[in-house]
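Peer 1: I have a structure here, written as structure tokens, and I will follow up with some questions on it.
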Amino acid sequence: MLRGVGALSIPSLLGAVGKTAAASNSVPDEPNVVPQVAQISQSSPELEKWVEEVPRPGVMEPQGTKEGQPYYEVEIQEVEQDIHRDLPPTTVWGYDGQYPGPTIEATRGEPIYIRWQNKLPDEHLLPVDTTIHDENVPYDTTSSRVVTHLHGGNVEHESDGKPLAWFTRDFEETGPKFTKKDYYYVNDQPASTLWYHDHSLGITRLNVYAGLAGFYLLRDESEPELDLPGGEYEIPLVLQDRTFNDDGSLFYPTGLSEDDRAESRPKPSIVPQFYGDTSVVNGKAWPQLTVEPRKYRFRLLNGANSRFYNLKLLEYDESAGTTGEEGPSFTLIGNDGGFLSEPVQINERLQLGSSKRADVVVDFSDYAGQTLLLHNNAPALFRGSVDDDVEETKPLPEVMVINIEGTEPVEDPSQVPSRLGRVPEIPVDSADHNRYVTLVTQTDEYDRPVHLLGTEENITGNHLYDPVTETPTLDTTEIWSIANITGMSHPIHLHLVHFQVLGHQSFSDFNPDADTIDPESLDPPRTNEQGWNDTVTVDPGEVAHIIVHFGEYDGLFNDQTGHYMWHCHMLEHEDHDMMRPMEVLPDDSGNNEEKCEWPVDDENRDSGGPIFE
Ligand SMILES: [Cu+2]
């Protein structure tokens with residue numbers, strides 16, 4: 001399944017870009033396309049592995065009702081939490097004081113309200129680079145800025161939790177796109193594994209790393225009829241990587257330690273990517289999971305800043321620390337946007353870029369009394385293949401150990417039905433618009449690599465504050481051809497919508513001038529790209545083609561217009577500066593001046609008032 005750049009070298013890639021882009025633009029002479037693994041000397045203290053059980057996040061309870069619907073208040077707090085037995089308590093940021101935050105259990109067809117409340121102290125927990133969007137971000141607010149995005153939420157733009165809708169403690173100061181305190185989640189989309197996390201402009205990587213993430217499980221009333229493993233046999237697992245200081249505090253770099261240009265760079269400075277050396281699952285370092293010999297449903301989420309996971313269960317000798325035969329396979333029943341139409345057994349590896357979810361069932365009934373390792377073979381700085389030099393690329397092979405109790409299978413009434421969700425195919429010939437966008441690397445004013453998103457007209461990339469270029473119209477269908485002309489893979493996320501992956505092809509085979517995309521000519525979607533996705537991983541040297549309908553489709557999803565975002569979900573990239581607005585226009589007239597105001601109005605931003613009504 002995995003494909004690398006292979007014989008296609010970066011220079012030939014750029015040659016291809018030059019050819020196709022010649023009419024409209026040119027590629028810089030020496031773009032910084034060769035990625036660096038961040039040279040960071042810090043390592044975590046020695047922690048004994050597999051000594052503590054993986055925690056299960058609690059479930060959030062509503063405080064009352066609003067407009068007859070459940071109403072939640074969630075305080076974002078700084079707290080101390082035990083991440084590992086051998087570490088002093090770690091100061092983290094948590095929703096309701098918990099890292100990860102408590103799970104929100106929602107039901108399709110039942111809207112809820114949430115007031116996210118900032119109760120953070122004055123100082124940020126981690127080193128803040130104040131040069132990121134410094135013309136548009138106040139770095140001198142009296143508390144850290146937060147805003148909570150519901151990832152995968154088909155929600156109104158006022159409740160999307162977009163980066164410019166940030167607010168400080170007790171809503172004292174608000175960003176230019178802040179419009180309301182009580183977010184409204186309509187829950188009119190297929191049952192799925194959503195998650196909520198911080199999305200504040202310029203500091204998303206730090207706020208999420210500090211702990212601001214949690215699950216949002218949207219369920220369908222008919223879901224129990226599927227007889228999937230449920231209750232204590234259904235476990236959400238957020239996979240993350242962290243590095244710790246000896247005193248238990250979270251380590252996050254202030255810059256690249258082996259950077260010969262460090263003198264001319266801001267201090268602290270954002271790093272191009274960050275990879276922690278310790279596996280943390282549901283807020284526990286190096287945890288173990290104890291299960292019965294039966295089927296379990298896992299809601300897997302890659303909640304790491306930059307790291308890719310490429311997962312498989314292997315038999316494991318815990319005392320020797322060695323792996324053996326393959327363990328049970330994952331049966332994929334859903335991904336980002338809900339159930340697949342039918343289950344798929346993953347025989348290779350399950351790949352998850354940052355923010356991707358996989359809803360899987362694993363049958364442990366043949367493994368009573370055994371130990372398994374959740375094994376990851378994705379190198380850090382993932383380039384779509386797993387044969388990179390191991391030393392250079394800081395892999396994190398050991399994610400979590402699973403101990404299966406007992407000596408023989410236990411009674412298990414659960415099943416994996418052959419039919420799951422409804423995924424009506426969006427026909428390629430229904431597309432109203434083909435959009436060609438690019439992923440590129442440039443250098444910023446401090447000579448640091450900066451990743452950007454470009455368009456057919458400006459292939460070398462736009463910055464966040466450049467005028468909006470992605471303006472789909474409600475109730476139309478678009479094909480986005482996403483070309484990666486950088487040296488690494490990027491998980492590309494669209495807010496608001498779920499799309500279907502048409503397939504992938506080599507950049508050199510791609511003709512942006514063609515009138516249509518022939519799916520037959522593409523490499524088919526990867527196993528975990530079937531069904532509804534909100535994030536697609538695009539490997540270097542390839543083009544990923546997705547088809548997306550804006551608005552309700554065949555009775556699924558709901559109509560929304562307004563200002564949203566699309567971006568790379570490697571958090572260091574989305575902060576700097578691989579994020580762009582996406583404006584969903586209400587109709588074909590294009591008459592949307594009120595809602596299309598971008599860049600933002602300085603006067604209104606200074607006064608903290610909303611300009612986006
Ligand atoms: Cu990226």
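Peer 1: Can you tell me which residue in segment 399-456 is modelled with the lowest pLDDT, limited to those that are within 16 Å of the ligand (Cβ to nearest atom) and assigned to a loop (DSSP other than H, G, I, E, B)?
Peer 2: Filtering segment 399-456 for residues that are within 16 Å of the ligand (Cβ to nearest atom) and assigned to a loop (DSSP other than H, G, I, E, B), the one modelled with the lowest pLDDT comes out as R448.
Peer 1: Could I ask something else about it? Which residue is nearest to N305 (Cα to Cα), if the candidates are limited to segment 470-521 and must be of a type in the set (D, E) and assigned to a strand (DSSP E or B)? Before the answer, list the steps.
Peer 2: Applying the first criterion (of a type in the set (D, E)) to segment 470-521 yields 470, 475, 478, 509, 513, 515, 518, 520.
From the residues that got through so far, the ones that are assigned to a strand (DSSP E or B) too are 470, 478.
Working: E470: 25, E478: 29 Å.
If we take residues in segment 470-521 being of a type in the set (D, E) and assigned to a strand (DSSP E or B), then E470 is nearest to N305 (Cα to Cα).
Peer 1: Would you point out the residue of segment 561-602, among those that are away from the ligand (no atom under 16 Å from the Cβ) and of a type in the set (F, W, Y), that is modelled with the highest pLDDT? Step through it out loud before you land on a result.
Peer 2: Within segment 561-602, the first condition is being away from the ligand (no atom under 16 Å from the Cβ), and the residues that meet it are 561-564, 581-602.
Checking the rest, the ones that are also of a type in the set (F, W, Y) come to 564, 598.
On the way: Y564: 98, W598: 42.
By that ranking, first place goes to Y564.
Peer 1: So which residues in segment 321-343 are buried (at least 17 other Cβ atoms within 10 Å of the Cβ) and within 16 Å of R419 (Cβ to Cβ), if there are any at all?
Peer 2: Selection gives T331, L332, I333, G334, G338, F339, L340, P343.
Peer 1: Give me the residue from segment 466-493 that is within 14 Å of the ligand (Cβ to nearest atom) and of a type in the set (A, V, I, L, M) and, out of that set, nearest to N302 (Cα to Cα).
Peer 2: First, pick out the residues of segment 466-493 that are within 14 Å of the ligand (Cβ to nearest atom): 482-493.
Among the residues that remain, those that are also of a type in the set (A, V, I, L, M) are: 482-483, 485, 488, 492.
On the way: I482: 21, A483: 23, I485: 24, M488: 18, I492: 14 Å.
Here the residue is I492.
Conditions tested, residue by residue: (1) at pLDDT 95 or above; (2) more than 29 Å from E221 (Cα to Cα).
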site: G15; (1), (2): no, yes
site: P28; (1), (2): no, yes
site: P55; (1), (2): yes, no
site: I76; (1), (2): yes, yes
site: G101; (1), (2): yes, no
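Peer 1: Show the residue pairs meeting these rules: Cβ distance below 9 Å; 6+ apart or different chains; first residue within segment 551-570 and outside the structural domain of T477 (by TED's automatic domain parsing); second residue among the hydrophobic types (A, V, I, L, M, F, W, C) and within 16 Å of the ligand (Cβ to nearest atom).
Peer 2: none
Peer 1: Okay, moving on. Evaluate the following for A378: is it over 24 Å from L314 (Cβ atoms) and not assigned by TED's automatic domain parsing to the domain that holds G152? Walk me through it before giving the result.
Peer 2: Values: over 24 Å from L314 (Cβ atoms): no; not assigned by TED's automatic domain parsing to the domain that holds G152: yes.
No: the conditions fail for A378.
Peer 1: Having 1 or more residues that are small (G, A, S) is the bar; report the strands (runs of 3 or more DSSP E) wholly within segment 327-367 that clear it. I'd like the intermediate steps shown before the answer.
Peer 2: On the way: elements: 330-335, 338-346, 350-352, 357-363.
Fully inside segment 327-367 and qualifying: 330-335, 338-346, 357-363.
Peer 1: Could you list, ordered by first residue, the pairs with Cβ atoms under 7 Å in which the first is in segment 482-495 and under 8 Å from E542 (Cα atoms) and assigned by TED's automatic domain parsing to the domain that holds T535 and the second is of a type outside the set (A, V, I, L, M, F, W, C) and within 12 Å of the ligand (Cβ to nearest atom), at least 6 apart or interchain?
Peer 2: Between residues of segment 482-495 that are under 8 Å from E542 (Cα atoms) and assigned by TED's automatic domain parsing to the domain that holds T535 and residues that are of a type outside the set (A, V, I, L, M, F, W, C) and within 12 Å of the ligand (Cβ to nearest atom), the close pairs are N484/H490; N484/D539; N484/P540.
Peer 1: Hey, could you check segment 511-542 for residues that are in contact with a Leu (Cβ under 9 Å, 6 or more places away or on another chain) and aliphatic (A, V, I, L, M) and say which is farthest from S385 (Cα to Cα)?
Peer 2: I517
The values are calculated or read from the model by the stated rules, or taken from the named source; none is laboratory data. Note that the coordinates shown come from a computational prediction; the quantities given were computed from them, not determined experimentally. In this analysis, Cβ positions are derived from the backbone assuming ideal geometry, glycine residues included, and neighbour counts consider all displayed protein chains.
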